[in-house]
Amino acid sequence: MDTEVQKVLERTKAAEQEINHLESELKAMQQNSSNDENDPAIEALRTENSKLKYQRMHLQRAINEQSKNSGKNMTSLIKILKNFFQESLNSSYPQLSHCTVDVTPSTKITFGDYQCNSAMALSGEMKKLGAKTAPREIAQNLVAKLPLSSSEVIEKTEIAGPGFINIHLKNSFVLSELTALITKGVRPPYVGPTKRVIVDMSSPNIAKEMHVGHLRSTIIGDSISRLCSYVGHDVLKLNHLGDWGTQFGMLITHLIEKFPNYKTEMPPISDLMEFYRESKKRFDSDEEFKKTAYQNVVRLQAKEEDYYKAWLLICHESFKAFNKIYKYLDVQNLVNRGESFYQDLMKDTVEMLDRNGVTEIDEGRKIAWPTGEKGQGVPLTLVKSDGGFTYDTSDMAALRHRLFEEKADWILYCVDQGQSTHFDAIYQTAQTAGWYDPKEKRVEHVGFGLVLGDDKKKFKTRSGDTVRLQELLDEGLMRSEKKLKENNRDSVLTPEEFKAAKEATAFGCIKYADLSHVRTHDYVFSFDRMLDDKGNTAIYLLYAYTRIRSIVKNTNLSKEEIEKLAANATAESLPIDHPREIRLAKFLLKWPEVIETVYKTLMVNSLCEFLYELAGVFTEFYEKCYVVEKDRTTGEIVKVNTHRLLLCEATANVMRAGFDILGLQAIDKM
């Protein structure tokens with residue numbers, strides 16, 4: 001941000017002036033002192049001078065960073081306030097410079113816009129150093145030592161109770177930031193240099209239909225991928241398919257025997273679940289079939305042409321079914337890279353672990369203790385006693401490829417929490433082997449809870465079967481259509497608009513119902529709650545968005561005219577003074593801090609909560625602040641309050657940016 005660069009420049013200039021002043025004092029004192037090495041005053045000046053030089057170095061780094069990203073990113077208000085209070089802490093209590101201050105949004109309007117509640121914790125830190133200092137006194141000193149530049153941002157501070165600092169933002173600053181939002185658009189915060197991010201997600205099994213258990217991995221993985229792309233990272237989405245193993249010998253044997261012409265004619269195996277059941281039934285009941293199946297696994301692993309082609313045919317049919325679901329859910333650029341991809345890498349991976357010194361032989365097996373200490377945790381089995389590899393080997397090979405070949409900085413595994421122990425062992429073994437330093441690379445299990453039915457048990461059909469994802473999505477479409485027709489939307493929308501509304505509602509509601517819950521918790525799947533237009537649901541947000549677009553349309557201004565108004569907006573042309581205008585403006589400016597929170601925690605429900613609250617804040621604004629004023633008799637437009645129109649546009653743009661991260665389709669008519 002240009003204004004932020006200017007502020008940092010001013011602070012750097014002040015630091016440089018102070019350094020010059022201190023150096024002059026040092027020189028003078030050294031000339032007048034016969035034993036300057038032992039003079040406490042000189043030593044104190046040296047210490048202070050070193051601190052200022054260190055501060056100048058960091059300020060210069062901040063200038064370079066902000067200048068490089070000026071205009072590309074929005075600045076988090078929390079980050080600005082934290083910097084002010086951190087600077088104050090370093091000045092007020094240098095002995096606590098290792099501590100950090102915390103600034104959070106206020107829970108009530110009466111408490112201001114933000115709060116700094118660190119005084120109590122800092123008092124405890126002072127006590128550890130042998131100095132009793134009351135929290136309120138610390139709060140008073142923090143406020144007193146705020147840098148001069150904070151006066152451009154903070155209107156006033158209040159100290160409440162034992163030491164809570166309530167912070168009120170300056171309206172002129174809010175207006176300046178709002179103007180930047182309107183003229184430059186909705187932008188992400190700066191989160192650091194571009195990273196190579198790999199997201200392991202979805203991961204269905206070949207020859208089996210995707211079921212509701214794959215829903216969360218697919219939706220959460222896609223949203224986190226969208227988030228990482230939004231903040232500027234290079235993202236690779238990997239579909240770690242279950243496409244290798246003993247079951248394929250069974251499937252290939254059944255295919256060859258049932259459809260001997262499979263090499264020249266495409267066999268009718270579109271119903272893969274039925275095909276799988278037939279194969280499994282024969283495998284369990286026919287010993288000769290089972291023997292042949294095991295032999296064919298060996299032929300497949302050797303990539304003999306006929307058997308490899310049969311395997312490819314089965315994979316092809318599975319991809320067709322998977323891609324239909326991914327199209328429904330708008331999951332794009334998902335790279336299929338299953339267990340088969342890593343088969344040729346397993347031998348080298350085990351040999352590398354041997355060289356790293358983390359393997360040992362145990363009763364004929366080759367194992368690795370995750371921490372390197374025998375008896376700690378559950379060991380990985382890398383090579384079975386018969387010489388075969390395992391899922392542990394496959395996962396280690398995948399991690400090795402992602403770290404060393406893909407050069408990933410982050411690797412995020414979107415897999416249910418039930419596998420947390422396994423993945424913790426994989427990551428720990430890789431660290432013990434020296435493959436990566438967790439301080440430099442982020443390898444993380446993004447776990448999630450179960451999807452439950454109304455009975456609070458694992459979501460299943462009435463017959464007790466696993467719910468097929470395709471059937472679930474089709475039912476969503478049916479229910480969405482029914483809901484829209486109940487509201488007579490089919491009579492006011494064109495067929496194309498109705499189709500878009502139906503799909504946006506159906507798939508958006510399913511996605512949002514998942515993402516709006518804390519991902520580590522289980523949640524109850526309910527179409528009735530998902531399609532409720534009065535709660536925290538996708539349909540409520542979609543209606544709110546279309547209402548804003550309708551308001552803008554009612555101004556009779558063209559898209560080009562509105563874009564020109566936004567491009568030429570200035571603080572002077574935005575007379576934001578009504579309390580509800582100000583509240584909406586401040587809420588819109590929370591966008592970068594919300595994105596930072598989601599980015600750090602990978603908890604997308606925070607974004608859902610923000611969008612839901614934004615819709616409510618906008619409704620309060622619209623009820624009192626008219627955008628279009630009409631003649632009560634003729635109904636003709638008398639006046640368009642352009643500053644309020646631009647607030648509407650900014651709100652819609654923020655909502656749309658949120659929808660994009662969540663994977664919801666924003667539609668102008670619904």
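For the chain, what is the calculated [θ] at 222 nm in deg cm²/dmol (nearest 500), taking -39500 (n - 2.57) for each run of four or more DSSP H residues and dividing by its residue count?
After summing the helix terms and dividing by residue count, I get -17500 deg cm²/dmol.
Which angle between 0 and 90 degrees, to the nearest 10, do you get for helix 272-285 versus the longest principal axis of the chain when only C-alpha atoms count?
Once rounded, the angle reads 50 degrees.
So what's the stretch 246-334 giving for Rg/Rh, alpha carbon basis, Kirkwood Rh from the mean inverse pair distance?
Using Cα coordinates only, the ratio equals 1.02.
Determine, for each peptide in 288-299, 570-581, 389-400, 123-134, the mean count of other beta carbons within 10 angstrom over its residues, then list the peptides with the highest first. Write down the numbers at each step before the final one.
Numbers: 288-299: 16.1, 570-581: 14.5, 389-400: 21.9, 123-134: 12.9.
Listed from highest to lowest mean packing, they are 389-400, 288-299, 570-581, 123-134.
Give the long-range amide H neighbours of Leu236: residues separated by 5 or more places, or on another chain, with amide H under 5 Å away, using H modelled in the peptide plane at 1.01 Å from N.
Distant-sequence amide H within range of Leu236: Val197, Ile198, Val199.
To two decimal places, what compactness ratio does the stretch 484-539 give when its Cα radius of gyration is scaled by 2.2 N^0.38 Å?
1.27
Pop a pseudo-label 7 angstrom from the Cα along the beta-carbon direction at both Lys79 and Gln419 and give the gap in nm to one decimal.
A separation of 3.3 nm, rounded to one decimal place.
When the Karplus curve 6.51 cos²θ - 1.76 cosθ + 1.60 is applied with θ = phi - 60°, which whole-Hz ³J(HN,Hα) does each residue of the stretch 190-199 get, with x for Gly and Pro?
Karplus-based 3J(HN,Hα) across the stretch 190-199 equals 7, 10, x, x, 4, 10, 8, 10, 10, 10 Hz.
Report the number of Lys pairs in the stretch 303-456 whose alpha-carbons are under 28 Å apart, with separation of 8 or more residues or on distinct chains.
22
Output the peptides 450-458, 523-531 sorted from most to least packed, where packing is the average of other Cβ atoms within 10 Å over each peptide's residues.
Details: 450-458: 13.8, 523-531: 16.7.
With the highest mean Cβ count within 10 Å placed first, the list reads 523-531, 450-458.
Starting from the Cα-Cα distance between Glu613 and Asp465, subtract it from 0.36 nm times their residue separation and give me the gain in nm to one decimal.
Result: 49.5 nm gained on full extension.
At 7 Å along the Cα-to-beta-carbon direction for both Thr520 and Glu373, put a label point, then send me their distance in nm to one decimal.
2.4 nm
Give me the Å³ per residue figure for the convex hull around the C-alpha atoms of the chain. Walk me through the numbers on the way to the answer.
On the way: hull volume 150.7 nm³, N = 670.
Measuring per residue, one finds 225 Å³ for the Cα hull of the chain.
When DSSP beta bridges are limited to those with both residues in the chain, what percentage is antiparallel, rounded to the nearest 5?
55 percent
Mind listing the long-range amide H neighbours of Val446? Cut-off is under 5 Å, sequence gap 5 or more, other chains count too, H placed in the peptide plane at 1.01 Å from N.
When sequence neighbours closer than 5 places are left aside, the close amide H contacts are Tyr413, Cys414, Val415.
Nearest 10 degrees, 0 to 90: what angle lies between the long axis of helix 420-432 and the longest principal axis of the chain (Cα atoms)?
70 degrees
What list of ³J(HN,Hα) values in whole Hz, one per residue of the stretch 466-483 in order, does the Karplus curve 6.51 cos²θ - 1.76 cosθ + 1.60 (θ = phi - 60°) give from phi, with Gly and Pro shown as x?
5, 6, 6, 5, 4, 5, 5, 5, 5, 5, x, 4, 4, 5, 4, 4, 4, 4
If you average the alpha carbon positions of the stretch 361-396 and of the stretch 257-325, how far apart do those two centres end up, in angstrom?
So the separation of the two Cα centres works out to 30 Å.
Sequence neighbours fewer than 8 away in the same chain don't count; with that in mind, list the lysines whose C-alpha is under 16 Å from Lys534.
Candidates past the 8-residue exclusion: Lys483.
Can you give me the angle between helix 213-230 and the longest principal axis of the chain, using Cα atoms only, in degrees from 0 to 90, rounded to the nearest 10?
40 degrees
Any idea how far the Cα center of the stretch 180-245 sits from the one of the stretch 95-147, in Å?
Centre-to-centre (Cα) distance: 38 Å.
Tell me, how many Å apart are the Cα centres for the stretch 608-670 and for the stretch 482-555?
Between the Cα centre of the stretch 608-670 and that of the stretch 482-555, the gap is 17 Å.
Want the number for Asp344 to Glu305: 0.36 nm per residue separation, take away the alpha-carbon distance, what's left?
12.3 nm
Share of antiparallel DSSP beta bridges in the stretch 338-448, in percent to the nearest 5?
That works out to approximately 65 percent antiparallel.
Can you list residues from other chains, or at least 5 along the same chain, whose modelled amide H is less than 5 Å from the amide H of Leu452?
Phe459, Tyr523, Val524, Phe525
How long is the gain from Ala134 to Asn261 if the chain were fully straight, where each residue apart is worth 0.36 nm and the alpha carbon distance is subtracted? Walk me through the intermediate numbers first.
Values: separation 127, 0.36 × 127 = 45.72 nm, distance 8.55 nm.
This chain segment gains 37.2 nm when fully extended.
Can you compute 3J(HN,Hα) from phi for each residue in the stretch 602-619, using the Karplus curve 6.51 cos²θ - 1.76 cosθ + 1.60 with θ = phi - 60°, rounded to whole Hz and x for Gly and Pro?
Per-residue couplings from phi come out as 6, 9, 6, 4, 4, 5, 4, 4, 4, 5, 5, 5, 4, 4, x, 5, 5, 4 Hz.
Compute the distance in nm between two label points, each set 7 Å from the Cα along the Cα-to-Cβ direction, one at Lys624 and one at Gln95.
Result: 4.8 nm between the two label points.
Values in this text are rule-based calculations from the coordinates and carry no lab data. These figures come from a predicted structure and were not determined experimentally. For neighbour counting, all protein chains shown are included, and Cβ atoms are generated from backbone atoms with ideal geometry for every residue, glycine included.
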